[in-house]
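Below: one structure, written as C-alpha cells.
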Amino acid sequence: MTGRQKQGEVGTAERLQALRMKSGRSEQELASELGLTIHSYSDLEQHDEELESAVSIAQALKLAKLLDTDLLTLLGETEIPVKMPIARVRAALSAQLGNSAEAKELMEDTLNWDLGPFLEGSEEWTTVYTIEFVRQLATAIEVDWQVLLAGIAAA
C-alpha cells in the first residue's frame, strides 16, 4: 500500500490492470502502443507510483485514451477539478521568473527538473515530463496538482 493510498482503496497499478483486462488488450499490445518494453509496461501494473514517475505525460494521456478513461480517473482521482489551462500556468510562471536566470535556476533546483521545454511551450513538452513533475510544479506554485493535470488533459 502506498503512502497516498488509503486502506480499502484500489491502487493505480491494480486499477490499470483491471482497465486493461476490461478493454481486452494485452500487456504487449499496450506496451507497443506506448513505445515501452513489455517489462516497463508490466511494472506499471505492479507498482502504484510507476505511472507517475516512469512514463511521460504524453504516454500517460495516451494510455488513458487507449483504456477509454481519463488520466485523473486512471490515477484514482474521483473528484473532477476545475481545469486551469496549462498555457496560463506557463505564462504566469514565466512572468514570475522574468528574465532572471537565478530565479529560474532556483525553481529548477526546487523541482529537480529543467524547466526549458515547459517554459518554451513546445508541442513535445509532455513527452519530456512525468506526472510527478506536475505534482512538484503544483506544490512549488501553490496550485492543486489535479487542476494542473486537468488543464493538460483538456489541452
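Here the chain was treated as a single set of alpha-carbon atoms; its pair distances binned every 5 Å from 0 give 2, 9, 17, 22, 18, 15, 9, 5, 2, 1, 0 percent. Classification of the range 86-135 by its C-alpha gyration tensor yields an oblate form. The axis ratio a/c (a ≥ b ≥ c) is 1.5 or more, and b/c is at least a/b. Of the trypsin sites (Lys or Arg not before Pro) found in the range 10-106, no site is in coil according to DSSP while having at most 11 other Cβ atoms within 10 Å of its Cβ. The value of relative contact order for the chain, using C-alpha pairs under 8 Å at least six residues apart, is 26 percent.
Note on the chain: lysine pairs with Cα distance below 29 Å, sequence gap of 8 or more or different chains, count 10. Coupling constants for the range 41-48 follow from the phi torsions by the Karplus curve (6.51 cos²θ - 1.76 cosθ + 1.60, θ = phi - 60°), and in residue order they are 5, 4, 4, 4, 8, 10, 10, 4 Hz; glycine and proline get x.
Based on DSSP H runs of at least 4 residues, each adding -39500 (n - 2.57), what is the mean residue ellipticity at 222 nm of the chain after dividing by all its residues, to the nearest 500 deg cm²/dmol? The partial results should precede the final answer.
Values: 12 runs with 98 residues, N = 155.
It lands at -17000 deg cm²/dmol.
Just so you know, all these numbers are worked out from the coordinates, no wet-lab data involved. Everything quoted here is computed from the prediction, not taken from an experiment. Methodologically, a virtual Cβ is constructed for each residue, glycine included, from the backbone with ideal geometry; neighbour enumeration extends over all protein chains shown.
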